[in-house]
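Every number here is computed from the coordinates shown, using simple stated rules; none is lab data. Every value quoted in this text rests on a predicted model; they were computed, and no experiment measured them. Cβ placement follows ideal geometry from the backbone for every residue including glycine, while neighbour counts extend to all protein chains displayed.
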Amino acid sequence: MLKVLKINKEVSAGTRDFLRYLLDSKKVRSVAVLTREGTSGWVSYSLISDPEKVAETVPFYPVMPYNAGKYLSLLTSKGPFDEPVAVVLRPCEQRAFVELVKRQQGSLDNIITISSICPGVYPLKTFVRENEDKLLKDYWSAAADGKLPEGIRDTCSYCEHFVPAGADIVVPIAGEQHTGKECKLFALTEKGAELLKEMEGKIEESELETKGTEAIRQLRQKNEEKILADLEKKLSGLDGLVEMFSTCIGCHGCRSVCPICYCRLCEFDSSRSEYEAEKYKTELQKRGGVRTPPGSLAFQIGRMIHIGLSCVACGMCSDVCPADIPVANIFSKTGKAVQDVFKYIPGKDIEDKIPVTTFEEEELTSVED
Amino acid sequence: MKEGHVLKADEGASKALAGLLKSSLEKNIFEAVLVPVRTNEGYNYVLTGNTDLLNKAEIMPPVMSIQGGKVLQALTRHGKSGKIATVMRMCEIRAAVELSKLEQTDLENVLFISVDCNGVTPLSDYLEDSSSAGKKFRPLCEICTSFSLVGDEQAQAVDIHAATMGVDKGQVLLFPMSPEGEGMLEQLGIDKKQDAGNWVKETEKLQKQRTAARKKALTEIKETIKGLNGLVEAFSRCIECHNCRSVCPICYCRLCFSDKETFRETGGEYLDRAQAQGVMKCTDALLRFHLGRMSHMSLSCVSCGMCEDACPMDIPVGQIFSVVAERSQAIFDYVPGKSSDESQPLRTFELDELTEVEDK
C-alpha cells in the first residue's frame with residue numbers, strides 16, 4: 001500500500017496545484033515541465049521559478065517535443081542542480097535520464113521526479129498537421145474511458161514500461177476512469193511522501209496499479225504482437241535491413257534526438273568512417289558500384305550496437321525521421337532482444353550496471369566455443 | 001545558345017542521359033559515373049563503372065534524398081576522384097562549387113552535366129503518395145530562378161547542359177559549356193545540331209514567372225519573420241533535432257560551433273537563469289542555433305530546400321534561410337556556386353566595401 005493524496009480536479013489541474021504548492025512552499029527552487037508558450041502556443045519544456053507561471057504549464061500534454069531525459073542531461077551534465085527541482089516527465093524519459101546518468105551525462109542530485117502511468121503521446125507530425133483541439137479531446141476522453149488513445153506513437157501503443165519505476169510521485173492516468181475529475185498523487189519514495197505531507201487534502205493508502213492498469217497492459221501486449229510481428233522477419237537478414245533503410249537520407253536525426261546517443265562526435269561522423277579516394281577505387285573494382293556517401297547501413301547497425309542495451313523505446317527517432325522509416329520499432333525490437341540476453345531493463349534502477357561495463361565470469365556461455 | 005546538339009530520347013531524358021553516360025564509359029572517357037539509382041523505395045547516388053547498373057539509373061529523380069554537393073564532398077573530401085562524370089541539378093552543382101571553396105570538395109576530375117529542372121517533390125509528400133511526383137514541388141523549387149542556363153546565376157562549372165524545356169519530344173538538346181564538354185560530345189559523335197529557339201523562349205518565360213513568384217513569396221516570409229518576435233515564433237516549434245544542419249550541403253563542420261561545450265552551464269547556473277526570468281524555455285539555445293547557422297552559411301546558401309524537406313516540424317526553414325541568404329548575398333553581389341574563381345566574400349578583404357556601415 002502506498003500513500004496517496006487526492007485532489008478533486010482533473011489530473012493536469014491537480015498536478016499544477018501540486019507544482020504551485022512546491023514552489024510557494026519553497027520545497028523546490030524550480031519546476032521543469034511542459035509549458036505552453038505565450039506567442040506561438042507551442043508546447044515545450046520549461047524551467048519555471050515564478051509560481052504565477054505554473055498556470056501556463058501543461059503537465060502530461062500528449063506530445064514529446066524532446067525526450068526530457070536528454071534535456072535533464074543538458075541541464076546537469078556540467079554540474080548538478082544545487083537546489084531541489086521537481087520534474088514532470090514520462091516513464092521512458094525518466095529511464096532515459098537514468099541511463100544517461102550511468103554514463104556520467106547528468107546528475108540525479110536534487111531532482112524530484114513526478115511521473116505518470118502513461119497513456120502515450122502522439123507523433124510530432126500528427127500534432128503539427130492535425131487539429132490540436134480534437135487531438136486533445138480524443139486523448140483525454142480515451143484516457144477517461146480507460147482506453148489507449150488512437151494514433152499514438154507505435155512505441156507507445158506497445159509500451160511495456162508505462163508504469164514508472166523509481167519516480168518520487170506518480171499520477172495514474174492510463175487505465176483510470178477518474179482522470180477527468182480527480183488527481184491522485186501517489187508517493188513511491190520517502191522523499192515523495194514527505195512532499196505530500198504538508199499539502200492540503202486527505203492522504204489515504206491505496207495500491208498504485210488497478211484492474212485498469214492490467215487491462216492497458218494486455219492491450220499493449222496485443223499491440224506489440226500486431227505491430228512487431230512481421231518486423232522480426234524483415235530484420236532477420238541483411239536484405240531486409242537494406243530494404244527497410246533504403247529511403248534513409250542520412251540526416252541522422254534519429255541520432256540527434258535519441259536520449260541515449262550522447263557522444264559529441266559520433267563514431268560515424270569521425271574521419272575513420274570516411275572513405276579515402278583510394279578506397280572508392282578499390283570498392284568500385286570489388287563491387288561495381290558504391291552508394292555515396294557510403295556507410296548508410298553501417299551507421300544504423302553501429303548505432304544499434306552502441307545504444308541497443310539502453311534503448312528505452314521512447315519513439316523520438318521515428319518521430320523525426322523525414323523518410324518515415326519505422327526506426328523506433330526496429331530499434332526497440334533489437335534493443336529488447338539484447339536487453340533480454342542480459343535481463344537488463346534500461347533506466348529501471350540506477351544501481352543496475354550497464355551490462356557491457358561489467359564482467360561476469362559466468363555469462364553468455366551460449367556463445368562460447 | 002542558338003543551337004544544341006541533338007540527343008535522341010525516345011524513352012525520355014533520363015534514359016537518354018543514362019545512355020550517354022553508358023557510351024562514355026564504354027569509350028573509356030571516364031573511370032566511373034555518379035548518378036542516382038533507385039534502390040528499393042529510395043534514390044541514392046551511386047558511383048559506378050558498371051554499365052548494367054546504369055540501366056537502373058534515374059537521372060533527375062522526383063525527390064532529392066541527398067544533396068549532390070554533399071555526395072561529392074563524401075567522394076572527394078580526402079583527395080580528388082578518378083575521372084568521373086555526374087548529372088546533377090543546378091543547385092547541387094552550385095553547392096559542390098561552394099564546398100570546393102571551403103576545401104570540402106575537389107572537382108578537378110569531375111565533369112558536370114546539368115539538366116533543366118522543374119523541381120523536386122517534398123520527401124514527405126512523395127513517401128505518402130508517390131503519384132505526387134512531378135505534381136507537387138518544394139516551395140523553394142517553385143520559386144527557383146536558377147533551374148537552367150538562365151539569368152546571370154548560371155554555374156560556370158557546368159560542362160554540358162541538357163535542355164528539355166520546350167524541346168521537341170523524343171529529344172534532348174545538349175549544350176557544351178566547356179572544352180571538356182565539347183570534347184566528350186565529339187568523342188561520342190554527337191554532332192547533329194538543331195535550333196534551340198524554343199528552349200530559349202520557354203526558359204526565359206519560366207524565368208520571368210519564377211522571378212515574380214519568388215519576389216512575392218519571399219516578401220511574405222519576410223513579413224512573418226519580422227523582428228525578434230517574428231523569428232522566435234517562426235522557430236517556436238523547433239525541437240532542435242538539427243536535421244536542417246545535417247542535410248545542408250554547406251554546413252560541413254564535423255563539430256558544429258553550436259554544439260560546443262562552451263555553451264553549457266551548470267545546473268545551478270541554469271536555475272539562476274530561470275529565477276531571473278521567471279521561466280526559461282528548454283533549451284534556450286534555439287534561436288542562437290538558427291541565427292548562428294544563418295550567419296555561418298547564408299552567403300553560400302543555394303536555396304536547395306533540403307533543410308525544409310528534413311524538418312519534422314514543418315517549419316519553412318528553407319524559405320526563411322533563402323530570404324536571409326538573398327539579402328546577405330546581394331550585399332556582396334555574390335552568387336554562390338556561380339564561379340569557382342570568385343572567392344567567398346568573408347574570406348576576402350576589399351578596401352572599399354561596406355562603407356555604409358562605417359562610422360561617419
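Quick notes
- Per DSSP, loop trypsin sites (Lys or Arg not before Pro) in the stretch B:244-304 with at most 12 further Cβ within 10 Å: B:Arg254, B:Lys260
- Positive-end residue of A:Pro123, B:Ile239, A:Val290, charge dipole of the protein assembly as shown with Cβ unit charges: A:Pro123
- Extension gain from A:Ser270 to A:Gln221, taking 0.36 nm per residue of separation minus the Cα-Cα distance: 13.7 nm
- For the protein assembly as shown, convex hull of alpha carbons as volume per residue, Å³: 178 Å³
- Shown for B:Val150, A:Val341, A:Val54: other C-beta atoms within 10 Å of each C-beta, ranked fewest to most, produce the order A:Val341, B:Val150, A:Val54.
- Alpha carbon centroid spacing (whole Å) that separates the stretch A:50-85 from the stretch B:322-355: 42 Å
- Cα lying deepest toward the dipole's positive end in the protein assembly as shown, options A:Leu2, B:Gly197, B:Gln156, charges on Cβ: B:Gly197
- Relative contact order (percent, whole number), the stretch B:3-214, Cα cutoff 8 Å, 6+ residue spacing: 24 percent
- Cβ crowding within 10 Å ranks A:Leu19, B:Leu140, B:Leu72, B:Leu231 as B:Leu231, A:Leu19, B:Leu140, B:Leu72, fewest other Cβ atoms first.
- Loop-resident sites, the stretch B:97-150, for GluC sites (Glu not before Pro), counting at most 10 other Cβ within 10 Å (DSSP): B:Glu103, B:Glu108
- Size of the stretch B:54-185 as Cα extents on the principal axes (Å, biggest first): 40, 34, 34
- Mean partner shielding of peptide A:72-79, defined as the number of other chain Cβ atoms within 10 Å of each residue Cβ, is 6.
- Chain A shape via C-alpha gyration tensor axes, a/c threshold 1.5: prolate
- Fluctuation leader among A:Gly347, A:Gly175, A:Gly240 - chain A, Gaussian network, Cα springs under 10 angstrom: A:Gly240
- Tensor-based shape of the stretch A:20-155 (alpha-carbon gyration tensor, a/c under 1.5 rounded, otherwise prolate or oblate): prolate
- Averaging the sequence gap over all C-alpha pairs within less than 8 Å and six or more residues apart, then dividing by the number of residues, gives chain B a relative contact order of 19 percent.
- Under 12 Å, Cβ to Cβ, from A:Glu37 - net charge with Lys/Arg +1 and Asp/Glu -1: +2
- Length-normalised contact order of chain A in % [C-alpha pairs under 8 Å, at least 6 apart]: 19 percent
- Once the Cβ-Cβ distance of B:Asp168 and B:Glu142 is raised to the sixth power relative to R0 = 35 Å, the FRET efficiency obtained is 0.85.
- Convex hull volume of the Cα atoms of the stretch B:215-347, normalised per residue: 132 Å³.
- Each part gets one Cα centre, and for the stretch B:51-120 versus the stretch A:297-369 those centres are 37 Å apart.
- With the charge dipole of chain A set up from +1 on Lys and Arg Cβ and -1 on Asp and Glu Cβ about the Cα centre, the Cα lying farthest toward the positive end among the listed residues A:Pro59, A:Val356, A:Thr113 is that of A:Pro59.
- Of all the options B:Ser100, B:Ser131, B:Ser146, the one that moves most in a Gaussian network model of chain B with Cα springs shorter than 10 angstrom is B:Ser131.
- Prolate/oblate/rounded call for the stretch A:44-113, Cα gyration tensor, a/c under 1.5 rounded: oblate
- With both labels modelled 7 Å from their Cα along Cα-to-Cβ, the B:Glu103 to B:Gln344 distance reads 1.2 nm.
- For the protein assembly as shown, a crude dipole built from +1 on the beta carbon of Lys and Arg and -1 on the beta carbon of Asp and Glu, taken about the Cα centre, is about 840 debye to the nearest 20.
- Magnitude of the charge dipole, the stretch B:215-347, Cβ model with Lys/Arg +1 and Asp/Glu -1, debye to 20: 160 debye
- Degrees between helix B:197-224 axis and first principal axis of chain B (Cα, 0 to 90, nearest 10): 10 degrees
- Expected 222 nm ellipticity per residue - DSSP helices of 4 or more, -39500 (n - 2.57), all of chain A, to 500: -12000 deg cm²/dmol
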